[in-house]
1. Being surrounded by 16 or more Cβ atoms within 10 Å (Cβ to Cβ) and either farther than 15 Å from Leu43 by Cβ or modelled with pLDDT of 85 or more (or both): is that true of Leu209 here?
2. List the pairs whose first member sits in the stretch 328-347 and is closer than 19 Å to Thr240 by Cβ, whose second member is surrounded by fewer than 15 Cβ atoms within 10 Å (Cβ to Cβ) and small (Gly, Ala, Ser), and whose Cβ atoms are under 6 Å apart, counting only residues at least 6 apart or on separate chains?
3. If Val247 passes every condition in (1) free of Cβ contacts under 8 Å to residues at least 24 places away in the same chain; (2) over 18 Å from Phe138 (Cα atoms) but one, which one does it miss?
4. Ala310 fails exactly one of the following numbered conditions: (1) surrounded by 24 or more Cβ atoms within 10 Å (Cβ to Cβ); (2) closer than 23 Å to Thr61 by Cβ. What is the number of that condition?
5. Is it true that some residue in the stretch 62-71 is among the hydrophobic types (A, V, I, L, M, F, W, C) and modelled with pLDDT of 80 or more?
6. Kindly list, by first and then second residue, each pair from a residue in the stretch 122-143 that is within 21 Å of Gly89 (Cβ to Cβ) to a residue that is of a type in the set (Lys, Arg), limited to pairs with Cβ atoms under 6 Å and residues at least 6 apart or on different chains.
7. Please work out which residue is surrounded by the fewest Cβ atoms within 10 Å (Cβ to Cβ), limiting yourself to the stretch 316-327 and to residues that are assigned to a helix (DSSP H, G or I) and without any contact (Cβ under 8 Å) to a residue 24 or more places away in the chain.
8. Taking the stretch 1-23 only, how many residues are farther than 17 Å from Ile258 by Cβ, touching a residue at least 40 places away in the same chain (Cβ under 8 Å) and hydrophobic (A, V, I, L, M, F, W, C)?
Amino acid sequence: MIHFVLLIVCAVAIYLSCEWFVNAVEWLGQRLDVGKMAVGTILAAFGTALPESVVTLVAVTTGADEEAKNIGVGAAMGGPLALSTIAYGVTGAMLLLKRRREREPEPAGTDGTDGRVRARPLGDEKDMRRLAKDQTWFLPIFVVKVALGLVAFAFKPVLGVLFFAAYAVYFWREIRSGDDGGEDEELEPLKLRPGAAVPETWAVVVQTLATLAVIFFASQLFVRQLDAIGPMLGLSSAVTALLLSPVATELPEVMNAIIWVRQGKTQLALANISGAMMIQATVPSGLGLLFTSWKFDGALLWSGLITMAAIVYLLLTMRAHRLTPGRLAVAALFYAVFGLGLIPILS
């Protein structure tokens, strides 16, 4: 019973910390004079991707044997899977709920739907191009990442450096980009200094670092509770590690997305997910290649194939400028397919 209580407490702690984190990181972006979308793709993504990146780092560098180190490989594969399916799917579901509460039917014949509200795309053509560009960066890197898990050669560990370089290029592109994703919006007061119209830099930094610390430790405790609850529900450790743990480690990104959708900042929510995916495709992969054999079994390969299928689906929808909340929510179904496919693989 204590594990379920702690699970709920951790989830609440993560959500409340993310409320303060997104508030601080928007002010941090203004202080650093970065584009609005870079707040999501770089600053927020770096913070929320920290828990799973540390899991990989600790596992691959301190694992007593190859099996222990492979926990880090699983984390490196599970992160992108959960982000491309669960995180996008939850964001789409939240947008559907938000639009259903707020929409007002238009007069019959004004949009060709006999008075029903047409499902509007998530942004204009410029927004769709930008989102598609992030997925276009991610997909080839991820394909190489999976392909390297199927082969073995002497200098494979050295290729880990190339993944760090790929993220460095992406980072530089995002920071230098002048694309702010739309008009500037007035920021909410910093929660640590609600009475200050323009908070001091020290307050912004303190709130950012403090919330990151809470998110990190609460996420780790959340994962441990899932590890304990899995066997109680009759789930094997392999199923828990591949099916439940990635969802737990990506919980901060999901919480950030929910908060930004609630605030009407959809592009920031999507940018946070796509930015975290780029980190997950490069940094943990580089660590895995440097410190492990980076050899995939059937379950890891299956997770890679599902991730690629989800990204191809999203990329095609974005390029056609037809990404709606409903189509975004469909991404979560890919995770269900992953779970079903694990049954014959692990049995």
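1. Working: surrounded by 16 or more Cβ atoms within 10 Å (Cβ to Cβ): no; either farther than 15 Å from Leu43 by Cβ or modelled with pLDDT of 85 or more (or both): yes.
Answer is no for this residue.
2. Close Cβ pairs satisfying both conditions: Ile345/Gly298.
3. (1)
4. The number of the failed condition is (2).
5. Start the filter on the stretch 62-71 by keeping residues that are among the hydrophobic types (A, V, I, L, M, F, W, C), which leaves 64, 68, 71.
Applying the additional criterion that residues be modelled with pLDDT of 80 or more yields none.
No, the stretch 62-71 has no match at all.
6. Close Cβ pairs satisfying both conditions: Ala132/Arg319.
7. Going through the stretch 316-327, the residues assigned to a helix (DSSP H, G or I) turn out to be 316-319, 325-327.
Filter once more, keeping what is without any contact (Cβ under 8 Å) to a residue 24 or more places away in the chain: 316-317.
Values: Leu316: 13, Thr317: 22.
Checked the stretch 316-327; the qualifying residue surrounded by the fewest Cβ atoms within 10 Å (Cβ to Cβ) is Leu316.
8. Of the residues in the stretch 1-23, the ones farther than 17 Å from Ile258 by Cβ are 1-7, 9.
After this cut, where a residue has to be touching a residue at least 40 places away in the same chain (Cβ under 8 Å) as well, the list is 3-4, 6-7.
Filter once more, keeping what is hydrophobic (A, V, I, L, M, F, W, C): 4, 6-7.
The total comes to 3.
The values are calculated or read from the model by the stated rules, or taken from the named source; none is laboratory data. It should be emphasised that the depicted structure is a prediction, and the values quoted were computed from it without experimental measurement. Heads up, the Cβs are rebuilt from the backbone with ideal geometry, glycines too, and the neighbour counts pull from every protein chain shown.
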